[in-house]
Every structure is written in C-alpha cells, then in structure tokens.
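S.K.: Following this message is one structure expressed as structure tokens.
We did not get these values from a lab; they are worked out from the coordinates using the rules stated. As the structure is a computational prediction, the values presented were derived from the model and not from experiment. We place every Cβ from the backbone using ideal geometry, glycine too, and count neighbours over all the protein chains shown.
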Amino acid sequence: MQTKEGSQKRPGSEKRSKNSELKIHDTVPLRIDDLPPGAVLKSYESLSSKTWKSKNKNILYLRARYELPGGGSVLAPLPAGVTCHYGPTLMAYILHPVLRRARHPAIVVARTA
C-alpha cells in the first residue's frame with residue numbers, strides 16, 4: 001500500500017474498526033437524575049471501556065443524552081474513574097510499573113539534550 005509520501009506501509013497496518021469484533025460483557029445505561037422539567041431523552045452515546053480483573057471484561061456505557069426545553073442538550077456522565085476507553089483497573093495496571101520506577105530513588109532517568 002502506497003502512502004501520500006510514496007513509502008510502503010507494513011502489511012496489516014491500515015486502520016480498521018476493532019469494536020465490531022469486541023465482545024461486550026456488560027451494558028450499563030447511564031442517566032441523569034436532576035434534570036429540569038420538560039427534558040426529553042434524545043438518544044444514547046456509546047463508549048466501550050476495557051477493564052481487567054484477572055480476565056478481560058468489556059463494558060458498554062450507554063450515556064443518555066437529553067434535549068433541554070430551552071435548547072441544547074446534556075449527556076449523562078461516566079462513572080467515577082472512567083475517563084476514556086480504558087477502565088480505571090486496567091489503567092492502574094498499565095501505569096503502576098511506570099509510576100513505581102519514577103518514584104524509585106535508585107533509578108535515574110537520563111535526559112537527552
């Protein structure tokens with residue numbers, strides 16, 4: 001496959017949707033409790049979050065979007081600790097070695113000029 005610059009791309013490196021093959025273990029609808037009177041549920045926005053508890057577990061959060069009577073809309077927040085497509089347990093698992101090394105006094109990180 002040729003790129004714009006004319007170089008060859010590695011086979012299998014083209015972008016593809018991986019979520020179509022993702023097994024969802026739980027679906028959690030998220031709603032907003034304190035809405036103004038007259039707010040109407042407009043739709044849900046999906047966010048799949050991968051987490052890890054000694055085995056893989058994928059959760060699909062259905063974030064309720066409400067249309068407000070005066071115009072505009074509001075979206076249900078994600079649960080505490082979920083900020084992206086990776087859950088807090090998996091993020092901690094990935095970051096723990098990095099953060100531990102950064103705090104360890106015996107490890108000196110070389111700086112490049």
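S.K.: Could you size up the charge dipole of the stretch 19-103 around its Cα centre, putting +1 on the beta carbon of Lys and Arg and -1 on that of Asp and Glu, and report it in debye to the nearest 20?
M.R.: That gives the stretch 19-103 a dipole magnitude of about 620 debye.
S.K.: So how do 25-37, 78-90 stack up, highest first, on mean other-Cβ count within 10 Å?
M.R.: 78-90, 25-37
S.K.: Please state, to two decimals, what the Cα-based radius of gyration of the stretch 19-103 comes to when divided by 2.2 N^0.38 Å (N = residues).
M.R.: Details: Rg = 16.4 Å, N = 85, 2.2 N^0.38 = 11.9 Å.
Output field value: 1.38.
S.K.: Enumerate the aspartates and glutamates that residue 50 could reach by cross-link, defined here as Cα to Cα under 17 Å, with residues fewer than 8 away along the same chain left out.
M.R.: By straight Cα distance, residue 50 reaches 21, 26.
S.K.: Given the options 40, 56, 73, identify the residue whose Cα lies farthest towards the positive end of the charge dipole of the stretch 19-103 (+1 on Cβ of Lys, Arg; -1 on Cβ of Asp, Glu).
M.R.: Checking the options against the dipole of the stretch 19-103, the answer is 56.
S.K.: Under a cut-off of 26 Å between alpha-carbon atoms, report the lysines in cross-link reach of residue 57, not counting same-chain residues fewer than 8 places apart.
M.R.: Candidates past the 8-residue exclusion: 15, 18, 23.
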